[in-house]
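Let me begin by presenting the structure, written as structure tokens, before commenting on it.
The values are calculated or read from the model by the stated rules, or taken from the named source; none is laboratory data. Predicted, not measured: the structure shown is a model, and the values here were computed from it. Cβ: placed from backbone, ideal geometry, glycine included. Neighbour counts: every protein chain shown. For accessibility, only protein heavy atoms count, side chains too; no ligands or nucleic acids. Shrake-Rupley method; radii C 1.70, N 1.55, O 1.52, S 1.80 Å.
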Amino acid sequence: MSLAIFDLDNTLLGGDSDHAWGEFIVAHQIVDPEAYQAQNDRFFNDYLAGKLDIQVYLNFCLQLLGEHETAQLNAWHEAFMAEKITPIILPKALALIEKHSAAGDTLMIITATNRFITAPIARKLGIDILLATECERDDKGFTGRTTDVPCFREGKVTRLQRWLLENNRTLNGSYFYSDSHNDLPLLSMVEHPVAVDPDETLKAHAEAQGWPVVSLR
């Protein structure tokens, strides 16, 4: 039984769920629209350029979770799913998930985007195992802080290696699908790395290494 690992944003989705959440809370004026939009765009551009300070970004984007009751956050998320996420779920991505499921592979999403945003998306995609950046909680709800190793760049490797150890699994026969050069550390570890609608840096690397380059768009 092989492990089929999927990046989420711009891989299984035709967009970025983290950035889309920012757009959603701006559009609904849950935050100060002008200030938040400018910051959100700046962080997104830093991510694309490979220079994102993940901890600074998490301090920014998780603050909202610590300021509202869980019930309110969940209500917003339900609207967010309908408005922003369902329209960008790619039919070819669903077919790829089904292909691996039918083959008996273990399905996993590994994403830098935080668990509050991504857990309902993973459930909608029918994938039970999710490694994501974790949101700290206490007995009152979210604290607005992160916890554990951020699931980003080399952090994805760290989190996956821990999961493999805890579940007595290996990367024999494993697949990893991603669009981003930020995932090169993990792509380089699996037996079957696949570049999906890749950015230019990943595309060049994949072509040089002879990795498959595919489109789910």
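Is at least one residue of region 2-19 open to solvent by less than 50 Å² (accessible area, probe 1.4 Å), touching a strand residue (DSSP E or B) at 6+ places or on another chain (Cβ under 7 Å), in a loop (DSSP other than H, G, I, E, B) and more than 22 Å from ASP183 (Cα to Cα)?
No.
Just to be sure I understand, how many residues within region 75-105 are of a type in the set (Val, Ile, Thr), within 10 Å of LEU13 (Cα to Cα) and part of a helix (DSSP H, G or I)?
Number satisfying all stated conditions: 3.
Scan region 176-192 for residues that are out of contact with any Ser or Thr (no Cβ under 7 Å at 6 or more places or on another chain) and either hydrophobic (A, V, I, L, M, F, W, C) or open to solvent by 10 Å² or more (accessible area, probe 1.4 Å) (or both) and jot them down. Steps first, please.
Pass one, region 176-192, residues out of contact with any Ser or Thr (no Cβ under 7 Å at 6 or more places or on another chain): 176, 180, 182-186, 188-189.
PHE176, LEU184, PRO185, LEU186, SER188, MET189, listed by residue number.
Inspect all residues belonging to region 32-51 and state whether any of them is assigned to a loop (DSSP other than H, G, I, E, B) and touching a residue at least 60 places away in the same chain (Cβ under 8 Å). Let's see the steps before the verdict.
Start the filter on region 32-51 by keeping residues that are assigned to a loop (DSSP other than H, G, I, E, B), which leaves 32, 49-51.
Okay, now just the ones that are also touching a residue at least 60 places away in the same chain (Cβ under 8 Å), so 50.
Scanning region 32-51 turns up at least one residue that is assigned to a loop (DSSP other than H, G, I, E, B) and touching a residue at least 60 places away in the same chain (Cβ under 8 Å).
Under 7 Å between Cβ atoms, at least 6 apart or on separate chains: pull out the pairs that start in region 204-217 with a residue that is closer than 20 Å to ASP9 by Cβ and β-branched (Val, Ile, Thr) and end on any residue that is part of a helix (DSSP H, G or I) and at pLDDT 95 or above.
VAL213/LYS203; VAL213/ALA206; VAL213/GLU207
So which residues in region 164-175 are open to solvent by less than 70 Å² (accessible area, probe 1.4 Å) and touching a residue at least 40 places away in the same chain (Cβ under 8 Å)?
ARG169, LEU171, GLY173, SER174, TYR175
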